[in-house]
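Scroll down for the structure; my scribbles are underneath it.
We did not get these values from a lab; they are worked out from the coordinates using the rules stated. Predicted model only: the values in this text are computed from it and were never measured. Cβ coordinates were reconstructed from backbone atoms using ideal geometry, including for glycine residues, and neighbour counts include every protein chain displayed.
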Amino acid sequence: MTSTVSFKEKLKQAYSVFKWDLKSCSGTMAVYAILAAVFTTIILTLCLVVGFYAQSNTMYDTYTYSQSLYSLAETPDTNAVAEAVKVFQIIASQMIYFLTIIFAIIYTVKVYSYLHNKRKADLYGSLPISRIMLFVSKSASAYLFTLIPAMFFLGIIFIISMCFGQPIVNEAIDIYVKLLMGTLASISAYGLISVCCGTTINSVIMFIAVCIAYPLSAMFIKGVANGFFCGTYTGIFKDHFIMNALNPLAAYDGINIIYWLIFSVVCIVSSAFLVKRRKAERAQASFAYYLPCHIVKVLVAFLVGMFLGVLFGSLNVFGDGYLGFVFGFILGSVPAFVITHLIFYKGFSKLIRTSIPLGGLVVVVVAVMAVCNYDVFGYNEFVPNFDDVQSAGLIDAEHFYRESDSDLNKIVRNSAEDFTDKESINSIISSHSSIIADKDFSSDKKFQSVWYDMFVDNMNIGLDEMQYSFAYKMNNGRVVTRTYSLSVYDTFSDNYIDTTNIVKTKTYTEKYTAAINAKQSDISSVIVKKTSYAGCASENTDKSKEDFAKVLEAFREEFKADKNNTETVLAPLGGGYYYEVDIEDFKTAYPDAVCLLQVNTGSNDYYSNVGNIFTALFTGNYSIYDEPRQEVYLIPKSYTKTITALKEIGVLNSDNTINDDSDYFKALNQYY
Amino acid sequence: MIELKNLTKRFDKITAVDNMNLTISDGSVVGLVGSNGSGKSTLLRLLSGVYQPDGGEVLVGGKKLFDNPAAKGEFYFIPDFPYFYNNSTINSTAFLYRNLYPNWSEEQFNRFCSVFPIKRDAKIINMSKGMQRQAALILALSTCPKYLFLDEIFDGLDPVVRHLLKKILIEQVSEHNMTVIIASHNLRELEDLCDRICLMHKGRMLMERDLDSLRLCFRKVQVAFSEMPLVPNIFEGIDVVNVWQNGNVFNVTIRGTEEDFMPQLNALNPAYVSAMPLTLEEIFISEMGEAGYDVNSIL
């Protein structure tokens, strides 16, 4: 008798199991292939026809769709085809993406069911293949059955896009990465859950419970941090892995790749370790290993408890938000725990013995919420004494540019060293005090803020994550920050405070404005205004961009070197619609004023592009950085380099008046 | 050779196999018999590596069996309810086994496919219980196992196929020195096939012996007296397993041979006395009765 099996033999065995699974999943794969092929064809046809109609303005003509398609083939309109194919690629890729996720779940459940059936356990347990090798080959089957067909169809979509026009390479790569990571993390996690569970239904319930309960629980915790500690900046948790740490479906977002790789490896290694020791007789029992069951029971109890607790807290039940919370939490968590137990254990057995974690949960949550509710550490009312502050900073989101991938928390912390003069520090502390003074820190308001944070702040719908931020460097070297956003707390007048003392400073402008700091690619347009409704504006051509880049470069150089005219230059800043100003408004106060220079970032045109709309629609990425923002500066006569640059591109006449005959001269709508 | 050393398997509070010791030599056909829930199927699952022992060990050629693919390549286990996927055929299942079992024989596969009267391309799941077992047997025998474990294999097989199976098994044992362990309640079939019998009850081995010696050491004796002998205990000194009296007629199961008890019975001057060997079923009932598992103790 041979005592060992060579590696080659092991691979051969694993390959046999893989091929066997392939045969047993062939029906499901055929359904996937048919659906993918049919949907791709439908989407391609519709995109070409509708796209061609739209571009040719023949939508209302008497053409039929087939005539349109025929015309397209005969005399293709390059732009129409390119745009239509772009939309096709986006929609078809997303369709394959969602279809793949659905089928990944089906394959995975099917493949790992060998652990959950006594008869299958007899079959697989007696096969001459090691338990780990069997598990690995089963996992490989699940990965490959999911990924290979998806890659095949995505490849076809890409090739079609390439044949018809310009394919969106980023979109294709993005979808590939998302599918790769999502599939890896989800299958690994489900594999681990399958090893721990005795039945397929328990595995599926547990997987769904973890995927739903964990992120919602994390949202509640973040909501409490935001709602109960006013001024906390929790934006650092946006897209952070911790918010979805146990939800492998989040890996389909294609972010936090390193985390999901580690997560997958941990799941696979744990599964391999456990599957070797797993008792085959646990098939069709509730669980083979009970730890995940306890975790899920506690998670579900926490989630339901928090839901009812925060609801009752915000409704001020018993006249006290905290008492309402405690009542709601117990009312929600205990039944949720018992019901989860009944589902997993198919009865009341071991209920009492396994309820200790529930008791611990209730005690911990009630205690932590008491600390939060009664603000034991005085966090909410904190405003530093002037004498304790070494330097301070304030950022007003209305006058703030930052790159889309920048770390806001870091910017806020660094702002603590912006102002060291007594006047500015006093102004910042005074602004901070005025915000605190107008806030309602009652218990029910705090609980209402949790909902706000959960259901508004967590949706990526373009809301500012910050309205004002304050940062202080204390005498002991410690940096203290407070970041306030619009929320149910904000009852102060018009939600605004006067920050012009800080915003209209050279220090603030140099650090936080687009005119001085923005990358050329972030600037949507530069305008030299004659009136609020007419002036010279940059255009979307290379020459125009180059021309106005020179102007901006000259302005930056002069502003940084400027020591005398800063107040003049910054005169238009502040106020509501300050960009609707006219040069004549400033002539009296500033006789040296030549023109107004407006720098715009973001664009309203972004969503008028059909490709961008679909990208935003499918990815949910309605980026705040695409919102239009304007900054207006007054150019005095002393800014000679800027004026010379404006003359060179034909925007200013030799007498410093706006050149009405310039190619850039146009009427300005409200967005200019 | 398979060795069981202090083998124990528990399911929560139930001990299915309790500290069992057994040695099975190569080329033997062993019958596992016992009451329901005695641990026969569990023992087979332990032997085939499906279950991991909670105590003790199963050694094959001196090496541990559990999760040992090299050893398991020479085993084949047909459980009482063999599993087949919905779309499995004999051919498609053979596709899996070809690369997994090192001794797979295409020649044997073709031979057994023609010997057993079933279609190799038909879906196994749609077949009758007996035909599913035949499918399992074709696949099992094609792997040319050194050790074949069969759980209630005769269940559902018609007499012709039962006969065919016994013939094939005997041929495999004699030609390839295959070891067969069969758990079954069909003692009549075991009697034809096995050379050793293991009797299990409540997870323990009550008895383990060669079938021939087992048969030899039990006698079913009928003895009748015209006048009852005037002795306090008629069977004193005889190893009686059980006795049933109807007037002056006694039906007695005796452990021993005629030489052991006939002189003593003849000395009592019976009107009639006859002795014959017990069937395996009768031995089973007798032994189980002695272990407290008989009809009288149940009803």
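Side notes on the structure shown:
- Helical runs assigned H by DSSP (4 residues or longer) give chain B a calculated mean residue ellipticity at 222 nm of -9500 deg cm²/dmol, each run adding -39500 (n - 2.57) before division by the residue total.
- Principal-axis tilt of helix A:257-277 within chain A, Cα atoms, nearest 10 degrees: 10 degrees
- Under 17 Å from the B:Met276 label point (7 Å along Cα→beta-carbon), backbone N, the stretch B:208-225: B:215-224
- The angle separating the long axis of helix A:26-56 from the principal Cα axis of greatest extent in chain A is about 20 degrees.
- The lysines within cross-link reach of A:Lys666, meaning a Cα-to-Cα straight distance under 18 Å and a gap of 8 or more places when in the same chain, are A:Lys529, A:Lys530, A:Lys543, A:Lys545, A:Lys647.
- Debye intensity ratio in log₁₀ form over the Cα atoms of chain B, taken at each q of 0.08, 0.11, 0.14 Å⁻¹: -0.43, -0.73, -1.04
- Distance violations [Cα-Cα > 27 Å] among A:Lys138/B:Lys72; A:Lys12/B:Lys72; A:Lys279/B:Lys119: A:Lys279/B:Lys119
- Comparing B:Ile24, B:Ile238, B:Ile138 in a Gaussian network model of chain B where C-alpha atoms under 10 Å apart are linked, the largest mean-square fluctuation is found at B:Ile238.
- Toward the positive end of the charge dipole of chain A, with +1 on the Cβ of Lys and Arg and -1 on the Cβ of Asp and Glu, the farthest Cα among A:Tyr452, A:Tyr633, A:Val136 is that of A:Val136.
- Neighbour counts of C-beta atoms inside 10 Å place A:Cys163, A:Cys47 in the sequence A:Cys163, A:Cys47, starting with the fewest.
- Furthest towards positive pole of dipole, A:Ser203, A:Tyr322, A:Ser404, structure part the protein assembly as shown, Cβ charges: A:Ser203
- For the pair B:Asn86 and A:Ala534, label points projected 7 Å from Cα toward Cβ lie 7.6 nm apart.
- Legend: mean number of C-beta atoms from other chains within 10 angstrom of residue C-beta atoms, peptide A:127-134, equals 6.
- The mean of 1/r over all distinct Cα pairs in chain A, once inverted, gives the Kirkwood hydrodynamic radius of 29.7 Å.
- DSSP beta bridge pairing in chain B, given as percent antiparallel to the nearest 5: 70 percent
- CD proxy at 222 nm, helix term only [per DSSP H run n ≥ 4: -39500 (n - 2.57); per residue of chain A; nearest 500]: -18500 deg cm²/dmol
- Label-point separation, A:Glu584 to B:Arg209 (7 Å along Cα→Cβ), nm: 12.6 nm
- You can think of it this way: the chain between A:Ala225 and A:Glu567 has 119.1 nm of extra reach, that is 0.36 nm per residue less the Cα-Cα gap.
- The stretch between A:Asp387 and A:Val269 holds 36.9 nm of extra length on full extension. This uses 0.36 nm per residue minus the Cα-Cα distance.
- Reachable lysines from A:Lys222, criterion Cα separation under 24 angstrom, eight or more residues apart if same chain: A:Lys238, A:Lys297, A:Lys410, A:Lys439, A:Lys445, A:Lys446
- Simple Cβ-charge dipole of the protein assembly as shown, Lys/Arg +1 and Asp/Glu -1, about Cα centre, in debye nearest 20: 3300 debye
- Ranked by the mean number of other Cβ atoms within 10 Å of their residues, highest first, the peptides A:189-195, B:266-272, A:640-646 fall in the order A:189-195, A:640-646, B:266-272.
- Working from label points 7 Å from Cα in the Cα-to-Cβ sense, the B:Asp54 to A:Ala33 distance is 4.9 nm.
- Sparse packing (at most 16 other Cβ atoms within 10 Å of the Cβ) combined with a DSSP loop state is found for the following trypsin sites (Lys or Arg not before Pro) in the stretch A:289-360: A:Lys346, A:Lys350, A:Arg353.
- If you plug the beta carbon distance of A:Thr541 and A:Ala437 into 1/(1 + (r/R0)^6) with R0 = 41 Å, you get a FRET efficiency near 0.20.
- Degrees between helix A:443-452 axis and first principal axis of chain A (Cα, 0 to 90, nearest 10): 80 degrees
- Dipole in debye (nearest 20) - the stretch B:5-150, about Cα centre, beta carbon charges: Lys, Arg +1; Asp, Glu -1: 200 debye
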